[in-house]
2 protein chains.
Amino acid sequence: MRLTLLGSGNAGGVPLYGCRCAACERARRDPRFIRRPATALVEGGGTRLLIDAGLVDLVARFEAGSLNAILLTHFHVDHVQGLFPLRWGQVEAVPVWSPPDPEGCADLYKHPGILDFHHPEPFVPLTIGALTVTAVPLRHSKMTYGYCLQTGSTKLAYLTDTVGLPPATRDFLQGWHPDGIVLDCCHPPQEEPPRNHNDVCTALESADAIGANRVIITHISHELDLWLMEGKEEFPSHIHVGHDGLVLSAIRRDMGVSA
Amino acid sequence: MRLTLLGSGNAGGVPLYGCRCAACERARRDPRFIRRPATALVEGGGTRLLIDAGLVDLVARFEAGSLNAILLTHFHVDHVQGLFPLRWGQVEAVPVWSPPDPEGCADLYKHPGILDFHHPEPFVPLTIGALTVTAVPLRHSKMTYGYCLQTGSTKLAYLTDTVGLPPATRDFLQGWHPDGIVLDCCHPPQEEPPRNHNDVCTALESADAIGANRVIITHISHELDLWLMEGKEEFPSHIHVGHDGLVLSAIRRDMGVSA
Ligand SMILES: [Mn+2]
Ligand SMILES: [Mn+2]
Ligand SMILES: [Mn+2]
Ligand SMILES: [Mn+2]
Ligand SMILES: [Zn+2]
Ligand SMILES: [Zn+2]
């Protein structure tokens, strides 16, 4: 199984419109530092899933028929906006798994086009091609699911947007023993406990509680990039800062991270 | 005054995801035939306005502070989606004029960020820098305004999304005598009268009723492109098929169209 982080940014992204901070200026000079909206590609045993659809150019990146399903963590715009044009496609329906949020986003439910919405039962494994997918509730300002993905004995979890973890999800993940996790870490350390997204402190707490071999942080703001550039603290060696294009690949229980 | 049509496509755009028709394949081969979502730039006397914000890369195209205001015709996603990332910018507030649609789109009203929403009074001229702007109600599935723009004696009207024109708007435009109009023409001629967007027949009727010297059709679907490629009918010489990048420039009462 292989997860490619296509979008590692928060809703405003990096560079943020009009911002002149060192992190935003660096991303303007060098496109390797651009952070696009939340999107990840998961491939395993011939099955290809997208988790979240924040990239606005999904239509150009993924040929029609090349995705087996799309998993949505939640219906905030920065996680679904790539679906707005894609839904009008002339192509077979695409299964879209999401929390049963009655609101959805804009008119996606009213005019789903080729999107065939389904809602997984939390903690109940679901088979999508060669992958086993289990939805786990997260803690965010909108109904949100993380997704646990398994092929054979390798296990990855994608956990954003969230601040901390609900107790039932933390207990599930402790028992499930993921090899790698992709985790919300939007903010540098905050004085007040953050309310909708992890800061560095709550992200490290969650990572410790889960005990994964590899942790990729994502949903990164320009403020966190700036804090990382200042380099006052170092992360433990199993924590990696996500970037657009990062690949997390798992062969048996070895988990490698590469650019 | 100068209007640049940045996006001449309907909601699905051209090429449409997964479509193998001759119009969509032509746009894949030759990017000049790509039709992006509804967006126009209007420049006059040093004032720069955007009408609609369907382009998803507004943040990259328009430097912070370079737009005096944004006029929204309505809150369908294909007209507002460029605002989703832009609103989080670190820059002065941007006035956004729109119909007083209580729904808005997704969470734009709840989290406006730098967007400063205002609602113009229909038929009452409004001054935005060097431009005089008058909102006129259109006929669509969502509350929609067209915009009449004037500098000195030159007059342009932007009229999408609409099917036909409400009587009060038609009367206003007949008295106002625009030099040029940009007009919804989404569909080839239909057997049944269309309900939300002009087909070629209702577009020509509206253009005749208004009597402008230059008419640019926009909000074009791949079906209309295909019909145009078949070339069975010709438009009158004052009707021009819009394309992304088309410039409509007005100097006194001469109205020129160029690529
Ligand atoms: Mn988010
Ligand atoms: Mn969110
Ligand atoms: Mn439209
Ligand atoms: Mn519309
Ligand atoms: Zn910044
Ligand atoms: Zn087509």
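With a cut-off of 8 Å between alpha carbons and a minimum separation of six or more residues, what is the relative contact order of chain A in percent? Relative contact order of chain A: 19 percent. Taking chain B as a Gaussian network of alpha-carbon nodes connected by springs under 10 Å, the highest mean-square fluctuation of the residues B:Pro99, B:Pro236, B:Pro193 belongs to B:Pro236.
Here each label is just a point 7 Å from Cα along the line to Cβ, and for B:Ala168 and A:Cys201 those points are 5.7 nm apart. Rounded to the nearest whole Hz, the Karplus-based 3J(HN,Hα) values (6.51 cos²θ - 1.76 cosθ + 1.60, θ = phi - 60°) of the range B:230-246 follow the sequence 5, x, 6, 10, 10, 7, x, 5, 8, 9, 10, 7, x, 8, 4, x, 4, with x at glycine and proline. Each copy carries a label point for A:Ser66 at 7 Å from Cα along the beta-carbon vector; from one copy to the others these points are 3.0 nm apart, nearest first. For chain A, excluding the exposed loop sites themselves (trypsin sites (Lys or Arg not before Pro), DSSP loop, at most 14 other Cβ atoms within 10 Å), the longest remaining stretch covers A:21-109.
Placing a label point 7 Å from the Cα of B:Glu192 along the Cα-to-Cβ direction, the distances to the matching points in the other copies come to 5.4 nm, shortest first. Each of B:Thr202, B:Thr218, A:Thr127 has its accessible area taken with a 1.4 Å probe; listed largest first, they run A:Thr127, B:Thr202, B:Thr218. As an exercise, find the ratio Rg/Rh for the range A:2-254 from alpha-carbon atoms, using the Kirkwood inverse-distance average for Rh. Using Cα coordinates only, the ratio equals 0.94.
Interface burial in the range B:56-78 reaches 20 Å² or more for B:Val56, B:Val59, B:Glu63, B:Ala64, B:Val77, comparing the full protein assembly with the chain by itself; accessible area from heavy atoms with a 1.4 Å probe. How would you classify the range B:96-162 from its alpha-carbon gyration tensor, with a ≥ b ≥ c the square roots of the eigenvalues: rounded for a/c under 1.5, else prolate if a/b is greater than b/c, otherwise oblate? In terms of gyration-tensor shape, oblate. In this simple spin-label approximation, A:Asn213 and B:Val257 carry label points 7 Å from Cα along the Cα→Cβ vector, and these lie 6.4 nm apart. Counted over chain A, the DSSP beta bridges are approximately 60% antiparallel.
Within the protein assembly as shown, how many lysine pairs that are 8 or more places apart, or on different chains, have C-alpha atoms less than 22 Å apart? Qualifying lysine pairs in the protein assembly as shown: 5. Chain B packed on chain A takes about 2200 Å² of accessible surface away from a 1.4 Å probe, both sides summed.
Taking the centroid of alpha carbons for each part, the range A:33-97 and the range B:91-151 are 31 Å apart.
Distances between copies of A:Lys232, taken at a point 7 Å out from Cα along the Cα→Cβ vector and listed shortest first: 7.1 nm.
When the convex hull of the C-alpha atoms of the protein assembly as shown is computed, what volume per residue in Å³ does it have? Numbers along the way, then the final one.
Numbers: hull volume 76.2 nm³, N = 518.
Per-residue hull volume (Cα only) is 147 Å³.
Extension gain for the segment A:Thr127 to A:Asp57, taken as residue separation times 0.36 nm less the Cα-Cα distance, is 22.4 nm to one decimal. Each of B:Thr4 and A:Val241 was given a label point 7 Å from its Cα along the Cα-to-Cβ line. The distance between the two points is 3.5 nm.
Of the solvent-accessible surface of the protein assembly as shown, computed with a 1.4 Å probe and all protein chains present, 50% belongs to carbon and sulfur.
Please give the per residue volume of the convex hull enclosing the alpha carbon atoms of the range B:123-199, rounded to a whole number of Å³.
It is 93 Å³ per residue.
Taking B:Asp78, B:Asp57, B:Asp179 in turn, the Gaussian network model of chain B (Cα-Cα springs below 10 Å) assigns the largest fluctuation to B:Asp57.
Computed with a 1.4 Å probe on the full set of protein chains, the accessible area for B:Tyr17 sits at about 20 Å². For the protein assembly as shown, the share of DSSP beta bridges that are antiparallel, to the nearest 5, is 60%.
Counting only DSSP beta bridges whose two residues both lie in the range A:125-259, roughly 60 percent are antiparallel. The helix-only estimate of mean residue ellipticity at 222 nm for the protein assembly as shown, built from DSSP H runs of length n ≥ 4 each weighted as -39500 (n - 2.57), is -5000 deg cm²/dmol after division by the residue total. Of B:Trp227, A:Trp88, the order by accessible heavy-atom surface (1.4 Å probe, DNA, RNA and ligands excluded), from most exposed downward, is A:Trp88, B:Trp227.
The values are calculated or read from the model by the stated rules, or taken from the named source; none is laboratory data. Computed from a predicted model, the values in this text were never measured in an experiment. Heads up, the Cβs are rebuilt from the backbone with ideal geometry, glycines too, and the neighbour counts pull from every protein chain shown. Just the protein is used for accessible areas: all its heavy atoms, side chains included, with ligands, DNA and RNA removed. Shrake-Rupley method; radii C 1.70, N 1.55, O 1.52, S 1.80 Å.
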